[in-house]
Amino acid sequence: MSRQDKDQLLLFFYIVFSFMFYGIGMNYGNAHPYCQVSHMTRESASPESAASAPEATTETTEAARPIIVVLDAGHGGNDTGAFYKSEEGKIHEKTVNFKLTKYLKIALEEYDNITVVLTRDSDKYLSLQERVDIALENNADLFVSLHNNTLVGAGGYATGSSIAVAIGNYNEKIAQEGQRLGANIAYELGKLGLKQNGLLMRSSRSYTYPNGRASDYYATIRGGMLHDFPSVIIEHAFIDNKDDFYDYLCSEKQLKEMAAADARGIARYLQVPRKDDSKVLEPLDDYKIKVCHIKKNGSAKKTYRIYYTDRFTDYEE
Ligand SMILES: [Zn+2]
């Protein structure tokens, strides 16, 4: 073999191995099972980032990152929230919310690749901004606040559950992720038999977003839109409604069932499998939900929406 032949042979092997390693890098870059739904992982699966080998290695590390779900037990400390007045005394919303949150943490940890962070793990007061700050410090992918309702609220209902979500006046893509998350949770709570009031959107009278449009009324939802994470508030049931209270909120068993429904809603939205049997819940398809938008002037606009696996349509009835 001449010197020139040897050089050509070496060049040939160099090219073959280069292509092999390049190919491996590309495969790893696309290998995240949850890329459809989590906004963090969805960005990491973009075609541009998978197009070169060195970046693909970085993507591998990012893809393995767990989905961080921040659970926020509403109220706490001196802020006791609403209550049910039983013969034995008042049952405070802060206590019911806290129990639901602890059960939801346990239920969510039965699913793969989810890390749960709690805004409070004891009966203490936290401002709404402190709750948002905890989400930011922990790189939240989702923020889920757990509450129970009282009196005839803004939507005009006095029983059942509703999920407050962003309007979509700012950071529309993230707002829509929150709306879809809300619909998934509503679907599961509805299956328990709770009256389903659907999605609640509410405009602030005083705040505006940097783009000049009306802000979301709820501070934790506004925080999510300003800092890029879907944020919802689950109003599970009406704590001051006797039927809601005795049917859904008064025993540990009932609270565990509600929390398990929340967990299924979150897991269905994320399309994450259960750890024990690796099963993923079917994505929502053809699910009709009520939508109530409380405008700046206090008037309520009620519409409907149908969720399909990859889109939704709004309409009035
Ligand atoms: Zn509350």
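Some points to look at:
- If the segment from Glu130 to Asn78 were pulled out straight at 0.36 nm per residue, it would be longer than the present Cα-Cα gap by 17.2 nm.
- Of Lys102/Lys288; Lys173/Lys302; Lys105/Lys256; Lys99/Lys173, pairs whose Cα-Cα distance is over 20 Å: Lys102/Lys288; Lys173/Lys302; Lys99/Lys173
- Environment charge at Glu252 (Cβ cut-off 14 Å; Lys +1, Arg +1, Asp -1, Glu -1): +3
- Percent of Cα-Cα distances greater than 32 Å, calculated over region 67-315: 14
- Listed peptides 82-92, 252-262 by packing density, highest first (mean Cβ within 10 Å): 252-262, 82-92
- Summary of the geometry: region 119-173 and region 189-226, compared by the centres of their Cα atoms, lie 8 Å apart.
- Peptides 307-317, 290-300 ranked from most to least packed, by the mean per-residue count of other Cβ atoms within 10 Å: 290-300, 307-317.
- Shape call, region 204-273: gyration tensor on alpha carbons, a/c limit 1.5: oblate
- Nitroxide proxy distance, nm - points 7 Å out along Cα→Cβ at Lys288 and Cys250: 3.4
- Using distinct alpha-carbon pairs, which all enter the 1/r mean, Kirkwood radius of region 127-231 in Å: 14.2
- Sparsely packed loop sites in region 97-187 (the trypsin sites (Lys or Arg not before Pro) outside DSSP H, G, I, E and B with at most 15 other Cβ atoms within 10 Å) comprise Lys124.
The numbers here are math on the coordinates, done by the rules we state, and not lab data. None of the values given here were measured: they were computed from a predicted structure. Glycine also receives a Cβ, built like all others from the backbone with ideal geometry; neighbour counts cover every protein chain displayed.
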